[in-house]
Amino acid sequence: MSCFSVSLRSGSSGNSTFIRTESARLIVDLGLNGKRFAMALEEFDEDPNQIDAILLTHEHIDHVSGVGVVMRRHKIPLYTTLSTFNKAEALLGKIDYDLVHLIVPGNPFTVRDTEILAFPTSHDAVDPVGFRISSRYGDVGVMTDTGEFDQYAREGLKGCKAVYLESNYDDDMLWNGDYPYPLKVRIDSRSGHLSNFEAGQVACYLLENGVEALALSHLSQENNLPELALETVSEALQEAGAKIDLDVRVRVSERYHCSVPFILE
Ligand SMILES: [Zn+2]
Ligand SMILES: [Zn+2]
């Protein structure tokens, strides 16, 4: 047995992460269409009909676009906060309300025998959260779409063994790039996204608390490069005394493909 996790897609074109603990098969966000979703799972010999829950972080289209169709097609329960559900409902289409489970950030819940915690994040959505999924082999955290790493997120991710961590933009690329000024301000703000530099700081905190695997996720196509994210975060970790690949593995989640899985044993 083990705890298996993999990014199926990552970035503003669509996000989805699959996590299999000893007792549950979970999807965090589903921003790709039903066919691509099924094909992505097939790469890991997984069947969408066996998924126990979809966990939704927030209502933005790159996280929610496939949720409705996949819920209808495979009868998968959805776990999300009331505010996010209300905001996302129009994007879901007609769904079976019996499949909707409302959660409260800070109150752990279980899917099969797997305990899950939603913690608040800081983003321009109605009630955004990150998730911590417990497993016997180490906990998995997912935190993208957040402008800062505050006390809630620190507590939420403390001690996770594998973390899917936003590393959205490079400061120089953002500020020297072509985005209109208000958009640059939004991305950089406390309710925007984490930069590579900020991801490096978060990575060091997680390292101190036992993280073994980091997937740098939700990279901007315009304001970042995979090499740059990897370099910035790796350098921060090395400065904190870590040996990359020995103490901690660091990977970049791919935009249009499934990434290399993390397996905790
Ligand atoms: Zn997003
Ligand atoms: Zn978002």
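ILE51: more than 16 Å from ligand 2 (Cβ to nearest atom) and under 15 Å from the mean Cα position of the chain (by Cα), yes or no? So ILE51 does not fit the description; no. The residues listed here are ALA88, ALA24, ALA53, ALA40; of these, the one that is at pLDDT 95 or above, in contact with a Cys (Cβ under 8 Å, 6 or more places away or on another chain), among the small types (Gly, Ala, Ser) and more than 16 Å from HIS218 (Cβ to Cβ) is ALA40.
The numbered conditions (1) of a type outside the set (A, V, I, L, M, F, W, C); (2) more than 17 Å from HIS58 (Cβ to Cβ); (3) modelled with pLDDT under 95 are all true for GLY159 except (3). Against the list (1) within 16 Å of ligand 2 (Cβ to nearest atom); (2) more than 25 Å from GLU265 (Cα to Cα); (3) not hydrophobic (A, V, I, L, M, F, W, C), the condition ASP171 fails is (1).
Could you please find all residues in segment 178-209 being in a loop (DSSP other than H, G, I, E, B), surrounded by 15 or more Cβ atoms within 10 Å (Cβ to Cβ) and of a type outside the set (A, V, I, L, M)?
Listed by number, the residues that qualify are TYR179, SER191, GLY192, HIS193.
Tell me which residues, restricted to segment 210-230, are crowded, with 23+ Cβ neighbours inside 10 Å and either among the hydrophobic types (A, V, I, L, M, F, W, C) or closer than 17 Å to PHE262 by Cβ (or both). Of everything in segment 210-230, those that are crowded, with 23+ Cβ neighbours inside 10 Å and either among the hydrophobic types (A, V, I, L, M, F, W, C) or closer than 17 Å to PHE262 by Cβ (or both) turn out to be VAL211, LEU214, ALA215, LEU216, SER217, HIS218, LEU219, ALA229.
Cβ-Cβ contacts under 7 Å between residues 6 or more apart (or on different chains), taken from a first residue in segment 247-265 that is more than 23 Å from TYR205 (Cα to Cα) and of a type in the set (Ser, Thr, Tyr) to a second residue that is open to solvent by less than 20 Å² (accessible area, probe 1.4 Å) and part of a loop (DSSP other than H, G, I, E, B), are listed as SER259/SER253.
The values are calculated or read from the model by the stated rules, or taken from the named source; none is laboratory data. Keep in mind that what you see is a predicted model, and the values were worked out from it rather than measured. Glycine gets a Cβ as well: all are built from the backbone with ideal geometry, and neighbour counts include every protein chain shown. Quick note on the areas: whole protein, heavy atoms, side chains included, nothing else; ligands and nucleic acids left out. Shrake-Rupley method; radii C 1.70, N 1.55, O 1.52, S 1.80 Å.
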